[in-house]
Amino acid sequence: MLRTSGALFLSLLTFAGSSYGRDFCLPANGVGFGQDQGEGQTTAVIVGSPLIAGRTQGNFQIESVTGTLATIAGTVLFETARGSYTLLAKGSFDVASGVFQSSGPIEEGSGAFAGARGQLKLEGRQDLETGRFFERVSGSICWPE
């Protein structure tokens, strides 16, 4: 009986210590106020969830244009009080209206974001005359359990 109980106990410890793909996720929602710096570079201040509140530096390239809709791709570095991470963003920018959206996974976290993963979406509008923009940020950031 002791042998079976010991084996059962070891099996339970092994099971409890494995993540089996489960993550602990938190919502990351807020708004940003930024400036297009030209040449695909952007900067913004983000307010909202502590997971995204801080500053961003974006670097985008146009991949293609159909009519007034440009397909874009790039990176956005989020720098918060708890650490930083990079969003790998793909989306679109309407060159006639300034409406944009992009989304993608996060990677390369540091500080509290080391090992984190998740998805973020950026949606907004840029004033085509001044380069200023407003955006909504939504998504979640996860850590392995």
Looking across region 21-38 at residues that are assigned to a loop (DSSP other than H, G, I, E, B) and at pLDDT below 95, the single one that is least open to solvent (accessible area, probe 1.4 Å) is Gly21
Per the filter on region 122-137, residues surrounded by fewer than 18 Cβ atoms within 10 Å (Cβ to Cβ) and either at pLDDT below 95 or not in a loop (DSSP other than H, G, I, E, B) (or both) are Glu123, Arg125, Arg132, Phe134, Arg136
Scanning region 44-72 residue by residue, those within 29 Å of Phe113 (Cα to Cα), open to solvent by 50 Å² or more (accessible area, probe 1.4 Å), outside any strand (DSSP E or B) and of a type in the set (Ser, Thr, Tyr) turn out to be none
ask   = Given the structure, is Ser11 under 26 Å from the mean Cα position of the chain (by Cα) and either surrounded by fewer than 12 Cβ atoms within 10 Å (Cβ to Cβ) or at pLDDT below 95 (or both)?
value = no
Reported set for region 121-140 where residues are more than 19 Å from Ala28 (Cβ to Cβ) and either touching a Pro at 6+ places or on another chain (Cβ under 9 Å) or basic (Lys, Arg) (or both) is Arg125, Arg132
Can you confirm whether Phe113 is touching a strand residue (DSSP E or B) at 6+ places or on another chain (Cβ under 6 Å), in a loop (DSSP other than H, G, I, E, B) and open to solvent by less than 20 Å² (accessible area, probe 1.4 Å)?
yes
Across (1) on the phi > 0 side of the Ramachandran plot; (2) open to solvent by less than 40 Å² (accessible area, probe 1.4 Å); (3) in contact with a Ser or Thr (Cβ under 8 Å, 6 or more places away or on another chain), Glu108 clears everything bar (2)
Taking region 112-129 and keeping only residues that are without any contact (Cβ under 8 Å) to a residue 40 or more places away in the chain and within 18 Å of Phe33 (Cβ to Cβ), one is left with Lys121, Glu123, Arg125, Asp127, Leu128, Glu129
Scanning region 85-99 residue by residue, the ones that are part of a strand (DSSP E or B) and open to solvent by 30 Å² or more (accessible area, probe 1.4 Å) total 5
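The values are calculated or read from the model by the stated rules, or taken from the named source; none is laboratory data. Just so it is clear, the structure is predicted and the values come from calculations on it, not from any experiment. Positions of Cβ are generated from backbone atoms using ideal geometry, with glycine treated the same way; all protein chains shown enter the neighbour counts. Accessible surface areas use protein heavy atoms only, side chains included; no ligands, DNA or RNA. Shrake-Rupley method; radii C 1.70, N 1.55, O 1.52, S 1.80 Å.
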